[in-house]
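S.K.: Here it is: the structure, laid out below.
Values in this text are rule-based calculations from the coordinates and carry no lab data. Predicted model only: the values in this text are computed from it and were never measured. Cβ atoms come from the backbone with ideal geometry, glycine included; neighbour counts cover every protein chain shown.
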């Protein structure tokens, strides 16, 4: 069986990029991004969806041509519903309306929906309504935070057991970096931050750790193989050796996600956007942050047996 | 390493073929599947976001239950003290407990014994929650305090939740919709999902109403407005009308008959006025009581009360002996229909509050399915092209593994009857991108080993064995995130977590077994000199 096609190598055989020497630059970039995120969160904050804030969301579609956002806005403005957010949602006929939780319990929420429906008139189809009460929304915030923290903790423990504590710390720092900057993007763009975005953040955790672990695995292997090689050379070697895999897997994942982002519909666009961004930043952090971070933390060099870590690595670790 | 015995090959091929076989039903319309046996008709159930429908999260008002419980404790205590001829005063609720003051100090001990006899042992639970349902203590002076035990309250809420679920099921079934999901959530919540029913407003009127129906005599000793300005006579109370702006009524608190005595209720039209009404029929004891009271009170009005609001208060023209009647109250046809459903299904033990509501119209659901299909197919084609471009022949092996992988996900979802949601479709598409990772790890390793001068066979063998620990480490951490997401997630997010976890497991399986089998067979047949990647 002859197969005449020669595969394309995206990463040439003897690629040797000095990743470790970019560590300082990347650290500065990432540090700046994290600072910007902190400032954004403190000033702009997040545009929480109704999942986390309580309130009502209504998706409508006009049946007589494109929706007139201005008319809808002035129509609903007179209803005395407090803060009303109106935005286009995908097709020009589709509009998303959000109102804050109405005072006066369950009845008041339904009355608000009825009022909106009445004021929009006949040529409007209600595609989706979501009403989330304050009790539920506060529980969801709590659950989301617990999920994020537990996942990070679980990953820390797993990597610690399979590798060393330096690897675990490096992995979790990279994860934190990915999630935090993704949250920063949501603050900067003021895209809706709802429960599906939290799911996206957890997916980013899963993907980014996958990437990091593959590189760490190679570092560990090379630590056993080259006992005397300087650590930064060793890390460069490991990242370069796994670079082809990183490019291939990131490539297929991004292709699949681009398809989802472009064709998967408006309802999950925020969700796919978060994962898309998170995977790019996750790949970056695995290569440029998590791997060189080990130089910074100092790793055990003697992997031959069960002996205690060498005094050198102990001291370097203590300096941090 | 590079050898499979026959049984392993059969097992791997069977699993792969099984995955593809159980995926097939999802590609056809249900009507086309009729001819197949039942086990071949298992399709992934679609989530509400894909087929349209309503989702309500209801919370039981446990305060109401506690109030009822305290009322009944006060009633029992009153009776017990009367039977024992012990003088008392100030019997009533005080916050979370019932208090009573015994007149004579020498009676306090006897009263305590009598009241303690009221406590019933709790039906023991698996957790060994024995004990009694009532705590009786002596307070300051001659005061005795009665408090329902926390376990008794919990049991009551739990029982009430159970019977609420039954009642809701009867009400939803009466709407004629298909396959509602009604689940207990936590201690005091009910999750209700009704596929294909996207009118949450009607759903809420059907589900949210306690629907406690009672019949009372109207108290004519004074007018309702007098009763409000002074105070109502003992045994009577002021009830509002269901109609906004209508005057309130003064009714005797004692109920003549209640919804529990009904055996049937149907929406119908009044023969004379032709307006929508609800006709009802009492059971025999209810009919007897109703007959006796109406016989004694001809010419006086009685009131039909639903959830403490008066629907109507007709005058009794003649004794109603047949045990049936009708309720009129300016209903629309749908209102009469709703009320009949509520009365037939019985009352809820306490009111339920809607704390979360999500409904999706069928058109949005259909659009989402379409978008999901398009995105899935494009993702698949893109990944296939990328893999074949990057790895040539081995890329084709990976694509075969990917097809089986997607098949296994869909088959597992179908067999588990796990609901497919829009994020679930995203999960499958994302898995396509990530699933090839295990193969990528193996192929890259083979490439490296072959470059370091190993022969084809040795390079492939080393490639597989070295890549394993990386595959395990990388996937287990991903799985960890998926499990936590499933554990804490709600609704559609859960669907995403399920597909993600199944996808990870399936991709580990296909990479470790199927791809290897394909490569081993290829090696055996062609005996290549070089590795083609």
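S.K.: Taking the beta-carbon count within 10 Å as an exposure proxy, list B:278, B:108, B:436, B:400 from fewest neighbours to most.
M.R.: Sorted ascending by nearby Cβ count, the order is B:400, B:108, B:278, B:436.
S.K.: A further question on this structure: Taking Cα pairs under 8 Å and at least six residues apart, what relative contact order does region A:54-183 come out at, in percent?
M.R.: This gives 29 percent for region A:54-183.
S.K.: Moving to a separate point now. Per-residue Cβ counts within 10 Å, from other chains only, averaged over B:348-354: what number is that?
M.R.: Partner Cβ neighbours, averaged per residue: 2.
S.K.: While we're here: Mind listing the Cα extents of the protein assembly as shown along all three principal axes, in Å, largest one first?
M.R.: Answer, in whole Å and largest first: 108, 69, 61 Å.
S.K.: Then there is this: What is the mean number of Cβ atoms from other protein chains located within 10 Å of the Cβ atom of each residue in peptide B:444-453, rounded to a whole number?
M.R.: Whole-number average of other-chain Cβ neighbours for B:444-453 is 3.
S.K.: Defining a contact as two alpha carbons under 8 Å apart and six or more residues distant in sequence, what relative contact order in percent does chain B show?
M.R.: In percent, rounded to a whole number, it is 19.
S.K.: Follow-up. Sorted by mean Cβ packing within 10 Å, highest first, what order do the peptides A:256-262, B:253-259 take?
M.R.: Top of the packing list down: A:256-262, B:253-259.
S.K.: What's the Cα-based Rg to Rh of region A:126-237, Rh via Kirkwood?
M.R.: Rg divided by Rh gives 1.14.
S.K.: Grab the DSSP H runs of chain B that are 4 residues or longer, score each as -39,500 (n - 2.57), total them, divide by all residues and round the 222 nm result to the nearest 500 deg cm²/dmol.
M.R.: -17500 deg cm²/dmol
S.K.: Additional query: Quickly estimate the mean residue ellipticity at 222 nm for chain A, helices only: each DSSP H run with n ≥ 4 gives -39500 (n - 2.57), and the total goes over all residues, rounded to 500.
M.R.: Rounded to the nearest 500, it is -21500 deg cm²/dmol.
S.K.: Here's something else I'd like to know. Jot down the per residue volume, in cubic angstrom and as a whole number, of the convex hull over the alpha-carbon atoms of region A:55-132.
M.R.: Convex hull of Cα atoms, per residue: 76 Å³.
S.K.: Right, here's the next one. Considering just Cα atoms, how many Å³ per residue does the convex hull of chain A enclose?
M.R.: Convex hull of Cα atoms, per residue: 191 Å³.
S.K.: Among B:73, B:165, A:275, rank each residue by its count of other Cβ atoms within 10 Å, from fewest to most, as a rough exposure measure.
M.R.: The order, fewest Cβ neighbours first, is B:165, B:73, A:275.
S.K.: Right, something else. In percent, how large is the relative contact order of region B:62-155, given Cα pairs closer than 8 Å and 6 or more residues apart?
M.R.: Once divided by the residue count of region B:62-155, the mean separation gives 25 percent.
S.K.: Which number do you get for Rg(Cα) / (2.2 N^0.38 Å) in chain B?
M.R.: 1.44
S.K.: Relative to the longest principal Cα axis of chain A, at what angle does helix A:195-225 sit, 0 to 90 degrees, rounded to 10?
M.R.: 10 degrees
S.K.: Still on this model: Throw me the Rg/Rh for region B:91-235, computed over C-alpha atoms with Kirkwood Rh, two decimals.
M.R.: Rounded to two decimals, Rg/Rh equals 1.12.
S.K.: Once the piece of chain linking residue B:118 and residue B:184 is laid out straight, how much longer is it, given 0.36 nm per residue of separation minus the C-alpha distance between them?
M.R.: Result: 20.6 nm gained on full extension.
S.K.: While we're here: Which order do B:134, B:191 fall in if you start with the one that has the fewest other Cβ atoms within 10 Å?
M.R.: Lowest count first: B:191, B:134.
S.K.: What nm distance separates the two modelled labels at residue B:64 and residue A:91, each placed 7 Å from Cα along Cα→Cβ?
M.R.: 4.1 nm
S.K.: Once the Cα atoms of helix B:362-416 and of chain B are each reduced to a long axis, what angle between those two axes, in degrees from 0 to 90 to the nearest 10, is obtained?
M.R.: With rounding to tens, the tilt is 20 degrees.
S.K.: If I fit a long axis through the Cα atoms of helix A:269-285 and take the longest principal axis of the Cα atoms of chain A, what angle between them do I get, 0 to 90°, rounded to 10?
M.R.: Tilt of helix A:269-285: around 20 degrees.
S.K.: Applying a 10 Å radius around every beta-carbon, put A:217-230, A:85-98 in order of their mean neighbour count, most first.
M.R.: The packing order, highest mean first, is A:85-98, A:217-230.
S.K.: Cβ neighbours within 10 Å, averaged per peptide: list B:424-432, B:212-220, B:517-525, A:173-181 in order, most packed at the top.
M.R.: Put in order of decreasing packing, that is B:424-432, A:173-181, B:212-220, B:517-525.
S.K.: Within 10 Å of each Cβ in A:141-150, how many Cβ atoms from other chains are there, averaged over the peptide?
M.R.: Per residue, the average neighbour count from other chains is 3.
S.K.: Also: Taking the square root of 5 times each eigenvalue of the Cα gyration tensor, what semi-axes in Å does the equivalent ellipsoid of region B:1-108 have, largest first?
M.R.: Listed largest to smallest, the semi-axes of region B:1-108 are 72, 22, 14 Å.
S.K.: Using a Gaussian network model of chain A with C-alpha springs under 10 Å, which one of A:203, A:252, A:37 is most mobile by mean-square fluctuation?
M.R.: In this elastic network of chain A, the residue with the biggest mean-square fluctuation among A:203, A:252, A:37 is A:252.
S.K.: Follow-up question, since we're still on this one. Would you mind computing Rg(Cα) / (2.2 N^0.38 Å) for region B:62-155, counting N as its residues?
M.R.: 1.09
S.K.: Estimate the FRET efficiency between residue A:165 and residue B:469 by the formula 1/(1 + (r/R0)^6), using the beta-carbon distance for r and 22 Å for R0, to the nearest 0.05.
M.R.: E(calc), rounded to 0.05, equals 0.70.
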